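If you scroll down you'll find the structure; I have some questions about it.
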Amino acid sequence: MRRGTSGIKPQSQVAGQNEIARRLSDFPCGAAVKSEAQLEAALDCPPGVVFVLRGDGLEIGSMLRRIHSAGKLAAVHLDLVDGLSSDISGVRWLVRSGADAIISSHSQAVRAVKAEGVTAIQRVLCLSELSVEHGMTAVSRSQPDIVELLPGVILPQVADLVLPRLTVPLLAGGFIRNVKDVDAVLEAGALAVTTTDPALWNL
């Protein structure tokens, strides 16, 4: 796993990034949840990081407390939480609610997350070679702590376009449907995958 060396991060941010990476190394299939049923299942599964991909801004605090009570860390996708905007106000709401990491596709939000001292995960949509180029340029500007590539299943085909330009851990999510997909993505260079499929959370 490679990390960036430019810039000075707050001690809490470094510790948070390191702990998230350590837990994903231990169980490389992160539990991504969009429903109450998935959340309940994730709380009883081995992965140490839960990726919250849906939620209500007014109820997110209680959800995060449940995740923490189960001994897990919570990464929340800011762009997908109802009632929150992808700006500094939304970031601060999630920080106060207890998010251990915040995910966004927006560079401005990623920079705001880093300014708050919380682990920042930037999503990059890989729809074409041009979109990969744009995504990598955005990453170089915002300097997230972790990058997540979507759809992750294509990482083996685009690894040469992505990995040489990263100095932080890479996650892969989307259309990862079986153990073969997981193995291929990890072998291509991802630290871990994120998946909504509970059958993969025990790998």
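Within the range 91-102, is there a residue that is among the aliphatic types (A, V, I, L, M), assigned to a helix (DSSP H, G or I) and at pLDDT below 95?
no
While we're on this one: Report, ordered by the first and then the second residue, all pairs with beta carbons closer than 9 Å, sequence separation of six or more or different chains, a first member in the range 160-180 that is basic (K, R), and a second member that is surrounded by 13 or more Cβ atoms within 10 Å (Cβ to Cβ) and part of a loop (DSSP other than H, G, I, E, B).
Going by the 9 Å Cβ cut-off, the qualifying pairs are R177/D197.
Further question on the same structure: Taking the range 35-66, which residues are among the acidic types (D, E) and closer than 21 Å to S105 by Cβ?
D56
Right, next: Looking for something within 28 Å of N202 (Cα to Cα) and either within 12 Å of the chain's Cα centre (by Cα) or aliphatic (A, V, I, L, M) (or both) - is there at least one such residue anywhere in the range 79-87?
yes
List pairs: first in the range 29-44 and at negative phi and buried (at least 23 other Cβ atoms within 10 Å of the Cβ), second polar (S, T, N, Q) and in a loop (DSSP other than H, G, I, E, B), Cβ under 9 Å, 6+ apart or cross-chain?
Filtered contacts from the range 29-44: C29/N202; A31/T196; A32/T196; V33/T196.
Matching residues to (1) farther than 24 Å from V168 by Cα; (2) modelled with pLDDT of 95 or more; (3) of a type in the set (V, I, T); (4) out of contact with any Leu (no Cβ under 6 Å at 6 or more places or on another chain):
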residue: A31; (1), (2), (3), (4): no, yes, no, yes
residue: G48; (1), (2), (3), (4): no, yes, no, yes
residue: V52; (1), (2), (3), (4): no, yes, yes, yes
residue: G61; (1), (2), (3), (4): yes, yes, no, yes
residue: R66; (1), (2), (3), (4): yes, yes, no, yes
residue: L80; (1), (2), (3), (4): no, yes, no, no
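Please determine, by comparing only the residues of the range 118-142 that are surrounded by 15 or more Cβ atoms within 10 Å (Cβ to Cβ) and among the small types (G, A, S), which one is farthest from S89 (Cα to Cα).
Among residues in the range 118-142 that are surrounded by 15 or more Cβ atoms within 10 Å (Cβ to Cβ) and among the small types (G, A, S), the one farthest from S89 (Cα to Cα) is G135.
Please verify whether D82 is at negative phi, in contact with a His (Cβ under 9 Å, 6 or more places away or on another chain) and surrounded by fewer than 16 Cβ atoms within 10 Å (Cβ to Cβ), treating the condition exactly as stated.
Spelling it out, it is not the case that D82 is at negative phi, in contact with a His (Cβ under 9 Å, 6 or more places away or on another chain) and surrounded by fewer than 16 Cβ atoms within 10 Å (Cβ to Cβ).
The values are calculated or read from the model by the stated rules, or taken from the named source; none is laboratory data. The shown structure was predicted, so the numbers you read here are calculated from the model rather than taken from an experiment. In this analysis, Cβ positions are derived from the backbone assuming ideal geometry, glycine residues included, and neighbour counts consider all displayed protein chains.
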